[in-house]
Amino acid sequence: MSRPVIISCALTGSGDTPRLSPHVPITPEQIASEALAAHEAGAAIAHIHVRNPDDGSPSRDIALYRDVVQRIRAAGTDLVINLTTGVGARYMPDAGDPNRNANDGGIAAPADRMDHVLELLPDICSLDVATMNFGRHAFVNVPDHIEAIATAVRAVGVKPELEVFDLGHVALALHMYRNGLFADPPFFQLCLGIPWGAPATSEGMMAMRNMLPGNAHFRRQ
């Protein structure tokens, strides 16, 4: 028997998307409004990043997350809220000093990447099980940081969405799952077509899907 399809709407993404389109929401009011519009159109889940309202750049400001979440909850819908923990994992070696991060966002400690999740208690939070070349920069999620976030969000009842970008990331997530880090059933996002992870092909998707345990829920990006 086939499973029902669940649509998740990623409202802004983590990259420089406002520069690419004037329709990307930036302010908390815009992000919440687009989340509710997506729900009205059939999306069950809203995956939420926040932006600096002044320039559209990615932000970890907990006040912005709080504003978005409060606006969505005030609407009284059953929209599932999924907050990112991915901001604070980008590294670009400085040309003059490779030990210095040239990325303005920097590398953040696990506590700083999840403080909004622990306060706002969304239904789901993303958890990147991946260290990789992500476009022109490195995306750094070491096992100790993954474990710290997973342990903390599990303690407050938030379901982690395990974001995997290649086969090795699935293998690491399975290792952590089998060691009891994630509660049943595990929930995966198969992230395809991100340079330089697994390609967005049926072969790439099935290779990742075939590694998942039988009780896993998954979605494809």
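Points worth noting:
- Flag for residue 174 being outside the structural domain of residue 9 (by TED's automatic domain parsing) and in contact with a helix residue (DSSP H, G or I) (Cβ under 8 Å, 6 or more places away or on another chain): no
Yes/no per residue for (1) in contact with a His (Cβ under 6 Å, 6 or more places away or on another chain); (2) over 19 Å from residue 120 (Cα atoms); (3) assigned to a loop (DSSP other than H, G, I, E, B); (4) outside the structural domain of residue 190 (by TED's automatic domain parsing):
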{"residue": "2", "(1), (2), (3), (4)": "no, yes, yes, yes"}
{"residue": "12", "(1), (2), (3), (4)": "yes, yes, yes, yes"}
{"residue": "24", "(1), (2), (3), (4)": "no, yes, yes, yes"}
{"residue": "32", "(1), (2), (3), (4)": "no, no, no, yes"}
{"residue": "37", "(1), (2), (3), (4)": "no, yes, no, yes"}
{"residue": "67", "(1), (2), (3), (4)": "no, no, no, yes"}
{"residue": "73", "(1), (2), (3), (4)": "no, no, no, yes"}
{"residue": "78", "(1), (2), (3), (4)": "no, no, yes, yes"}
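- Per-region count, segment 178-196, residues outside any strand (DSSP E or B), buried (at least 16 other Cβ atoms within 10 Å of the Cβ) and either in contact with a strand residue (DSSP E or B) (Cβ under 8 Å, 6 or more places away or on another chain) or outside the structural domain of residue 214 (by TED's automatic domain parsing) (or both): 5
- Considering segment 71-93, the residues that are closer than 18 Å to residue 40 by Cα and surrounded by fewer than 19 Cβ atoms within 10 Å (Cβ to Cβ) include one that is nearest to the chain's Cα centre (by Cα), namely 80.
- Qualifying residue in segment 109-131 (condition: among the hydroxyl-bearing types (Ser, Thr, Tyr), at pLDDT 95 or above and part of a helix (DSSP H, G or I)): no
- Scope segment 21-36; condition over 25 Å from residue 113 (Cβ atoms) and out of contact with any strand residue (DSSP E or B) (no Cβ under 9 Å at 6 or more places or on another chain); matching residues: 21, 22, 23, 33
- Conditions (1) in a loop (DSSP other than H, G, I, E, B); (2) closer than 23 Å to residue 154 by Cβ: number failed by residue 200: (2)
- Residue within segment 87-107 that is touching a Ser or Thr at 6+ places or on another chain (Cβ under 6 Å), within 22 Å of residue 195 (Cβ to Cβ) and touching a residue at least 60 places away in the same chain (Cβ under 8 Å) present: no
The values are calculated or read from the model by the stated rules, or taken from the named source; none is laboratory data. Since the model is a prediction, treat every value here as computed from it, not as a measurement. As a convention, Cβ positions derive from the backbone with ideal geometry for all residues, glycine included, and neighbour counts pool all protein chains shown.
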